[in-house]
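Inspection log for the structure reproduced underneath, given as structure tokens.
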Amino acid sequence: MSNMTSEISQKSRFVAQIRKGPWIIYTILILFVLFNIIFNPYFWNTFNLSNIIAQSTALMVVSVGQSFVIVGGGFDFSVGGIVSLTTCILATQMQNALISIFLVVLLGLFAGTSVGVANGIGVALFRINPFIMTLGSMTIAKGISYVLREYPGGYIAPGYIKGLTGNLGFIPTPVLFMAGAVVMGVILFRKTRFGRYTYAIGGSEESARSAGINVNVIKIVTFAVSGFFATVAGLFMAARIASGDPRIGESFPLDSITAVVLGGIIIGGGRGSLIGVVAGVFLIVVLNNALTLFDVSPYYQYIIKGVLMGLAVAITFRKEKREYT
């Protein structure tokens, strides 16, 4: 009875969050896009829009996985290492044969998801702080990436590149990648016990235990899901850059966490939804794109993105304090 009551409570809470809606982040996104359309003549051309879609795809997929970890009360900094590792595995092992492509993709999925499982085990069973655990696994994954590829290169089959970066009919494949990741994430959050239990654990781990939820298993699964989505992003990135690159994933930890927090998912867990994360991802990508088009130095871009991350965290904690006082 207590389990059923807990599930109903969590589901009602989630529906309330959906109805409330993260309208602020969408308003900011729309205004920022309009600003770029007015003041930057190159923003709205076909080439730049295609570039924005391609840049958004990998970050969207990573951010969906990151959302599960943050909702559950943690962080996952290993996503960048997983993206890099996946591209390097594909670039060193792939051959121009369908069976080879299939097996290498499976190998990449296994390797990346295994990193996520290891993160979950370290956090749930050995009580290692998520920051320390995922930072360590990121370093290991990045080190393996450098062992496989000291510099960008390798071989990615032309058919694989075309399949992941081309069009399916009139729809660009990257758009399908993004939509598929978001839909899968929404289904896991809203239609499964795993999703509801993740919210419960993020809201109060002790209450979740009292309700009979196996907290350790759910934590392990959240990190495994994050690792899986990061691997899928790596599969796409390998096709996009047509090579393996041990440094390609460096921006994903900061960017994904910033996008998730900007989207309204509360640091500390238990609240938020993927609706806002979608806008958060596009805002980060459009910002990066605008800074490049306005010829802002990469060094200043890091500063601006760091300030944005800080503001997102500050707003999150301010909102949390206001709603609980």
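Quick rundown of the values:
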{"item": "Members of region 291-308 found to be of a type in the set (A, V, I, L, M) and either surrounded by 13 or more Cβ atoms within 10 Å (Cβ to Cβ) or within 21 Å of N48 (Cβ to Cβ) (or both), listed by number", "result": "L291, L293, V296, I304, L308"}
{"item": "Matching residues in region 43-56 - criterion: being surrounded by 14 or more Cβ atoms within 10 Å (Cβ to Cβ), assigned to a helix (DSSP H, G or I) and of a type in the set (A, V, I, L, M, F, W, C)", "result": "I52, I53, A54"}
{"item": "Residues of region 201-215 classified as surrounded by fewer than 21 Cβ atoms within 10 Å (Cβ to Cβ), among the hydrophobic types (A, V, I, L, M, F, W, C) and out of contact with any Asp or Glu (no Cβ under 8 Å at 6 or more places or on another chain), total", "result": "1"}
{"item": "Cross-chain or 6+ apart pairs with Cβ under 8 Å, region 199-224 first and in a loop (DSSP other than H, G, I, E, B), then at pLDDT 95 or above", "result": "A211/A200; I213/Y197; I213/A200; I213/I201"}
{"item": "Unique residue being assigned to a helix (DSSP H, G or I) and within 19 Å of L164 (Cβ to Cβ) when the list is I121, I89, I70, I132", "result": "I89"}
{"item": "First in region 87-105 and modelled with pLDDT of 95 or more, second anywhere and basic (K, R), Cβ under 6 Å, 6 or more apart", "result": "C88/R149"}
{"item": "Residue in region 226-239 that is in contact with an Asp or Glu (Cβ under 9 Å, 6 or more places away or on another chain), assigned to a loop (DSSP other than H, G, I, E, B), modelled with pLDDT of 95 or more and over 20 Å from V71 (Cα atoms) present", "result": "no"}
{"item": "Yes/no for T198 being surrounded by fewer than 23 Cβ atoms within 10 Å (Cβ to Cβ), farther than 16 Å from L90 by Cβ, of a type in the set (S, T, Y) and modelled with pLDDT of 95 or more", "result": "no"}
{"item": "Test: residue in region 70-78 that is in contact (Cβ under 8 Å) with a residue 60 or more places away in the chain, surrounded by fewer than 16 Cβ atoms within 10 Å (Cβ to Cβ) and closer than 21 Å to L287 by Cβ", "result": "no"}
{"item": "Residue, nearest to T86 (Cα to Cα), within region 137-166, restricted to residues that are under 24 Å from the mean Cα position of the chain (by Cα) and either in a strand (DSSP E or B) or without any contact (Cβ under 8 Å) to a residue 40 or more places away in the chain (or both)", "result": "G143"}
{"item": "Pairs where the first residue, in region 36-58, is in contact (Cβ under 8 Å) with a residue 40 or more places away in the chain and closer than 27 Å to G249 by Cα and the second is of a type in the set (D, E, K, R) and surrounded by 12 or more Cβ atoms within 10 Å (Cβ to Cβ), C-beta under 7 Å, 6+ apart", "result": "A54/R240"}
{"item": "Region 185-195, residues that are assigned to a helix (DSSP H, G or I) and surrounded by fewer than 14 Cβ atoms within 10 Å (Cβ to Cβ)", "result": "I187, K191, R193"}
{"item": "Per-region count, region 92-104, residues part of a helix (DSSP H, G or I) and closer than 22 Å to R247 by Cβ", "result": "3"}
{"item": "Residue count for region 229-243, restricted to those that are at positive phi and within 17 Å of the chain's Cα centre (by Cα)", "result": "0"}
{"item": "Qualifying residue in region 22-42 (condition: within 30 Å of I201 (Cα to Cα), not hydrophobic (A, V, I, L, M, F, W, C) and not in a helix (DSSP H, G or I))", "result": "yes"}
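Conditions (1) among the aliphatic types (A, V, I, L, M); (2) touching a strand residue (DSSP E or B) at 6+ places or on another chain (Cβ under 6 Å); (3) over 10 Å from G227 (Cβ atoms), marked per residue:
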| site | (1), (2), (3) |
| --- | --- |
| F68 | no, no, yes |
| V83 | yes, no, yes |
| L90 | yes, no, yes |
| A97 | yes, no, yes |
| V104 | yes, no, yes |
| G116 | no, no, no |
| G122 | no, no, yes |
| I128 | yes, no, yes |
| F131 | no, no, yes |
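Listed here are the residues, each with its yes/no results for (1) small (G, A, S); (2) surrounded by 20 or more Cβ atoms within 10 Å (Cβ to Cβ); (3) out of contact with any Gly (no Cβ under 8 Å at 6 or more places or on another chain).
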| site | (1), (2), (3) |
| --- | --- |
| V217 | no, no, yes |
| G244 | yes, yes, no |
| F252 | no, yes, no |
| I257 | no, yes, yes |
| G268 | yes, no, no |
| V277 | no, yes, no |
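The values are calculated or read from the model by the stated rules, or taken from the named source; none is laboratory data. Nothing here was measured: the structure is a model prediction, and the numbers come from that model. Counting neighbours? That spans all protein chains shown, and the Cβs are built from the backbone with ideal geometry, glycine included.
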